[in-house]
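The block underneath contains the structure these notes are about, expressed in structure tokens.
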Amino acid sequence: MATALAYDLGASSGRALLGRLNDGKIEVEELHRFPNDPVQVADRLHWDILRLYHEIKQGLLKAKHRGVRPQSLGIDSWAVDFGLIGANGELLGNPYHYRDSGTDGVMERLLETIPAADIFRRTGIQFLPFNTIFQLAALKQADSPLLREARRLLMIPDLLRYFLTGEMAHEFTNATTTQLFNPLLGRWDPELIERLGLQPSLFGDVLQPGSAAGTLRRSVCHELGVEAIPVVAVAEHDTGSAVAAVPAVSRPFAYLSCGTWSLMGTEVEKPVIDDAALKYNFTNEGGVAGTFRLLKNIMGLWILQECRREWERRGTVYSYPELVELAGRAPAFACFIDPDDILFLPPGDMSARIREYAFRTGQPAPEDVGAVVRCILESLALKYRHVLELTERLSGQTFPGLHMVGGGIHNALLCQWTANALGRPVWAGPAEGSGIGNLAVQWIARGELADIWEARRVIAASFPVTVYEPEEPSAWEDAYLRFCRITGAAEG
């Protein structure tokens, strides 16, 4: 039996998963789950990176207490954020959170000096105000002492891997999200880095998913009483791991990794870097086995999560099943939002912002909880259709349906409404897509699975997939046309 330990870190929680591969089947056991709460200090928002490292060590201890010695481990997480390492090898400050206000207005200012078309031609990455390139530009513009003292930049999984092993290296899928990696050159883009006024030495070697990335350092082994477990650089961007776990048997296929963010796209052999991809703000992120993920980021269930937190602060606690039930009883198609409106990016009172969006677009504002939740879920489903059709246009492919993976598939109403909006079937599963893809890349690296296609066949045989067939086609078609008019999607 082959074992591996996968750390899957999301924007709201993390988990340590023990994977067992035996006789062509995968079993996954959650050893440890922990919150990932950002920390506000004055006006700045940070990740509590040392707490995350502590929780990673707890996962190793729990495996040890179960009498299990994983044969390898890997870490995946969200993208774009990073830590800076000083000359003495120590971390310089807690990493900033991508929702931190320090990047406000930076993207617009930088694009006045470096044209968007030039950056996109060099990187193929969509423009989001919190991309690594803009975080670094913000530090540069502020003359940050952190940046002045930094000798290396490490993305979040790179950084945690460095804590564990003492070795510094980047990983391909996450490196591409920085908007500083040139996929056509296959390396960091020296001209972009120079134009930002950064030192090229901040950026080191880039490992492909499945590369050996060291072993647990002696001090970690001594502290925890464990052996020197090999560490694998998996697809360290969690979406890259999630796409590796899509149980498709061949290309082309479309996927939606559904969680705090929704990431929708397809897997391609070469990046799609043209005027249309720039116009629609699509991205070309690195994938496994030398592929690229042509996709678009959609705000996702973050909006619902923030509404729930706000209601809880006001004294009413709703479970997600309760919210879904209330949404199912609310009137259909009463109000739509564009989930990607900048209004919904920062944390805060989302239900008030939804009402603001409704007033701005001449719609009746949802007043009760069920109506707010229904507005969010219907708008997400309709946005998914718009993005899927753009993905077909850009890739020159057609998709018979959509593979949904990630924790969002526990929301059966969202899955069904997505099928209704698309007018195509939705295949939902597995829920722990990123963790399972993380495990699969480790087993490919160790030769226990031949390649990504064998991994996907094994995943398909190991985890149930729920099929949602489209319903109420005429009502959803009318709703989609109105959604496009209200949100401006019709202009695309």
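No lab work stands behind these numbers, since they all come straight from the coordinates. These figures come from a predicted structure and were not determined experimentally. All Cβ positions, even for glycine, are placed from backbone atoms using ideal geometry, and neighbour counts span all protein chains on display.
Miscellaneous remarks
- Length, then width, then depth: along the principal axes, the Cα atoms of the range 282-324 run 49, 18, 14 Å.
- Charge dipole magnitude, Cβ of K and R +1, D and E -1 - the range 1-80, Cα centre, debye nearest 20: 340 debye
- Label-reachable residues, the range 343-360, where backbone N falls under 16 Å from a point 7 Å from Glu108's Cα toward its Cβ: 343-346
- Taken along the Cα-to-beta-carbon direction at a fixed 7 Å, the label points for Arg20 and Ala475 span 4.6 nm.
- Mean sequence separation of contacting Cα pairs (under 8 Å, at least six apart), scaled by the length of the range 127-230, corresponds to a relative contact order of 27 percent.
- Packing-based order for 281-292, 142-153, 218-229, using average beta carbon neighbours within 10 Å, highest first: 281-292, 142-153, 218-229
- Extension reserve of the Gln141-Ala276 stretch, reckoned as 0.36 nm per residue once the Cα distance is removed: 45.5 nm
- Each 10 Å bin from zero up to the one holding the largest Cα-Cα distance in the range 256-364 carries the following percent of pairs: 13, 33, 30, 18, 6, 0.
- Ratio Rg/Rh [Cα only; Rh per Kirkwood] for the range 439-492: 1.36
- Hydrodynamic radius of the range 38-172 by the Kirkwood approach over all distinct alpha-carbon pairs: 16.6 Å.
- Farthest toward the positive end of the dipole of the chain, out of Leu128, Ile342, Ala87, is the Cα of Ala87, where the dipole comes from beta carbon charges about the Cα centre.
- Equivalent ellipsoid semi-axes - Cα gyration tensor, the range 14-62, angstrom: 32, 11, 7
- Rg over Rh [alpha-carbon atoms, Kirkwood Rh] for the range 374-492: 1.05
- Given in Å, the Rg to one decimal and the Dmax to the nearest whole number for the Cα atoms of the range 1-105 are 16.5, 54.
- Inter-part distance where the range 167-196 and the range 262-291 are each reduced to a Cα centre, Å: 16 Å
- Cα centroid separation - the range 58-106 against the range 407-481, whole Å: 27 Å
- Relative contact order [Cα under 8 Å, 6+ residues apart], the range 280-416, whole percent: 25 percent
- In the chain, the DSSP-assigned H stretches of four residues or longer account for a calculated mean residue ellipticity at 222 nm of -12000 deg cm²/dmol, using -39500 (n - 2.57) per stretch and the full residue count as denominator.
- The range 348-415: proportion of alpha-carbon pairs further apart than 13 angstrom, %: 73 percent
- Segment Leu224-Glu194, extension gain: residue separation times 0.36 nm, minus the distance between their alpha carbons: 6.5 nm
- Kirkwood Rh in Å, taken over all unlike Cα pairs in the range 169-215: 11.3 Å
- Over all Cα atoms in the range 312-434, the spread is summed up by Rg and Dmax: 15.4, 50 Å.
- Reachable lysines, given that their alpha-carbon falls under 19 Å from the alpha-carbon of Lys62 and they are not under 8 places away in the same chain: none
- Protection proxy ranking of 341-347, 430-436, by the mean of other Cβ atoms within 10 Å over each peptide's residues and highest first, is 430-436, 341-347.
- Eigenvalues of the alpha-carbon gyration tensor of the chain, scaled by 5 and square-rooted, set the equivalent ellipsoid semi-axes at 33, 27, 23 angstrom, largest first.
- The relative contact order of the chain comes to 16 percent, based on Cα pairs under 8 Å that sit 6 or more residues apart.
- Whole-Å semi-axes of the ellipsoid equivalent to the range 107-219 (Cα gyration tensor, √5λ, descending): 26, 17, 11
- 11 Å beta-carbon shell around Leu192, net charge (K/R +1, D/E -1): -1
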